[in-house]
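Visitor: Here's a structure for you.
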Amino acid sequence: MARIDLPPIHTEEFLGMLREALFAPDDLMRFARLVHRREFMDPLVEPLAEDASFMDRHGDALLDLLNSYSRRYRERCYRERMRAGYDGIRIVSEGDSWFQYPFQLRDVIDHLSESYAVLSRGRAGDTLANIIAEKEQDIFEPLAQEQPHFFLISGGGNDMVGNRGLARLVAPFAADRAPQAYADTPAFEAFIDDLVGQYRALFVEIDARHPGVQILLHGYDAPIPGHDEDLWLGEPLRSRGIHDPQLQVQIMVAIMDRYNDALADLADGFDHVHHVNCRDCLAPDHWHDPMHPTSEGYAAVAARFDARIRELTAALHPQIVLR
């Protein structure tokens, strides 16, 4: 069937469509276009109608609106699935843009939702600190209401790179410094200890309030710093005198190794927490930008989660038949 060209809609109509969350992302994008702003790594959109001042008037609040749209749309899909008699694995997820990337890309939760009922509470741009601050409404209320088999969480990346924070964590360039040594600083050690401490306290509380829920977390694959447009990895590293692209990549590998190893050690201390190792699952062409995988890259990450979910389901819930 031929595609029907739809007329542009007014700005307020577009904002109303976002607030109502009745349209799927692909359908909504028929009325909008993606916008790139150097200071934002996460997606922004604007209506196709001519409105030169739209981003100036709504840009600062737009990511919150897109996140809210995505959460409401996903919850509507989840509720419809449950009303239809779904009796398989139930998941509550919380996290950053690896778990919720509104529009354009199909993120980890999009892929997992093909097989499981997932109630998503993620937000693009979220920090682990913010996730913990809002844990009652975004974690514990959904856990109590849905009684899921699994809780999935993705966090720490924005804490690391927000406000060009990477520059405060790594050592300055030195000709004789090994790549791994750039992550061997008191600032980075304290940063990792803080993230792990936040996770540990959360997992203890989940176990106390909702015993039996299996928790899956990850520590990302190593991102690839970019050039002039990359304010999050490339520019902070260059500000420390680290200009060689190969060295930048090696430093990010060392940083992600330290983070993943710390999370794996943390998970080993609990019976109900499981670290999903997503390192080395993304090829260079699986990166949409320095921080986010492509849809194909997200599928590779989701496959690692799916394998662990299936393994744990077979051991803990053998009565549930997975397809």
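Visitor: Going through the stretch 103-146 one residue at a time, which ones are open to solvent by 30 Å² or more (accessible area, probe 1.4 Å), farther than 13 Å from Ile206 by Cβ and in contact (Cβ under 8 Å) with a residue 60 or more places away in the chain?
Guide: If the condition is that a residue be open to solvent by 30 Å² or more (accessible area, probe 1.4 Å), farther than 13 Å from Ile206 by Cβ and in contact (Cβ under 8 Å) with a residue 60 or more places away in the chain, then Gln104, Arg106, Asp110, His111, Ser115, Gly125, Ala129 are the ones that fit.
Visitor: Which of the residues belonging to the stretch 206-229 are without any contact (Cβ under 8 Å) to a residue 60 or more places away in the chain and either assigned to a helix (DSSP H, G or I) or exposed (fewer than 13 other Cβ atoms within 10 Å of the Cβ) (or both)? Don't jump to the end; show me each part of the working.
Guide: Taking the stretch 206-229 as the starting set, the residues that turn out to be without any contact (Cβ under 8 Å) to a residue 60 or more places away in the chain are 208, 222, 227-228.
Matches in the stretch 206-229: Ala208, His227, Asp228.
Here is a yes/no grid of residues against (1) farther than 30 Å from Trp232 by Cα; (2) at pLDDT below 95; (3) not acidic (Asp, Glu):
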{"position": "His286", "(1), (2), (3)": "no, no, yes"}
{"position": "Pro293", "(1), (2), (3)": "no, no, yes"}
{"position": "Asp306", "(1), (2), (3)": "no, no, no"}
{"position": "Leu312", "(1), (2), (3)": "yes, no, yes"}
{"position": "Ile320", "(1), (2), (3)": "yes, yes, yes"}
{"position": "Arg323", "(1), (2), (3)": "yes, yes, yes"}
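Visitor: Also: Which number in (1) assigned to a helix (DSSP H, G or I); (2) surrounded by 18 or more Cβ atoms within 10 Å (Cβ to Cβ); (3) touching a Phe, Trp or Tyr at 6+ places or on another chain (Cβ under 9 Å) marks the one condition that Pro290 misses?
Guide: Going through the list (1) assigned to a helix (DSSP H, G or I); (2) surrounded by 18 or more Cβ atoms within 10 Å (Cβ to Cβ); (3) touching a Phe, Trp or Tyr at 6+ places or on another chain (Cβ under 9 Å), Pro290 breaks only (1).
Visitor: Then there is this: Test each condition in (1) exposed (fewer than 14 other Cβ atoms within 10 Å of the Cβ); (2) over 21 Å from the mean Cα position of the chain (by Cα); (3) touching a residue at least 60 places away in the same chain (Cβ under 8 Å) for Leu237 and report the one that comes out false.
Guide: (1)
Visitor: Looking only at residues in the stretch 178-205 that are over 25 Å from the mean Cα position of the chain (by Cα) and open to solvent by 80 Å² or more (accessible area, probe 1.4 Å), which one is nearest to Ala307 (Cα to Cα)?
Guide: Within the stretch 178-205, the subset over 25 Å from the mean Cα position of the chain (by Cα) is 178-182, 184-186.
Among the residues that remain, those that are also open to solvent by 80 Å² or more (accessible area, probe 1.4 Å) are: 180, 184, 186.
Working: Gln180: 30, Asp184: 33, Pro186: 36 Å.
Looking at residues that are over 25 Å from the mean Cα position of the chain (by Cα) and open to solvent by 80 Å² or more (accessible area, probe 1.4 Å), I get Gln180.
Visitor: What do you reckon, is Arg76 touching a residue at least 24 places away in the same chain (Cβ under 8 Å), surrounded by 15 or more Cβ atoms within 10 Å (Cβ to Cβ) and on the phi < 0 side of the Ramachandran plot? Talk me through it step by step, then tell me what you get.
Guide: Numbers: touching a residue at least 24 places away in the same chain (Cβ under 8 Å): yes; surrounded by 15 or more Cβ atoms within 10 Å (Cβ to Cβ): no; on the phi < 0 side of the Ramachandran plot: yes.
Here the answer is no, as Arg76 does not meet what is asked.
Visitor: Just one of Val118, Val92 is within 19 Å of Asp26 (Cβ to Cβ) and within 16 Å of the chain's Cα centre (by Cα); which is it? Walk me through how you get there before you give the answer.
Guide: Numbers: Val92 fails: within 19 Å of Asp26 (Cβ to Cβ).
Result of the check over Val118, Val92: Val118.
The values are calculated or read from the model by the stated rules, or taken from the named source; none is laboratory data. The structure presented is a predicted model; accordingly, all values stated were derived computationally and were not measured. Glycine also receives a Cβ, built like all others from the backbone with ideal geometry; neighbour counts cover every protein chain displayed. For the accessible areas, the whole protein counts, side chains as well, though only heavy atoms, and no ligand, DNA or RNA atoms are used. Shrake-Rupley method; radii C 1.70, N 1.55, O 1.52, S 1.80 Å.
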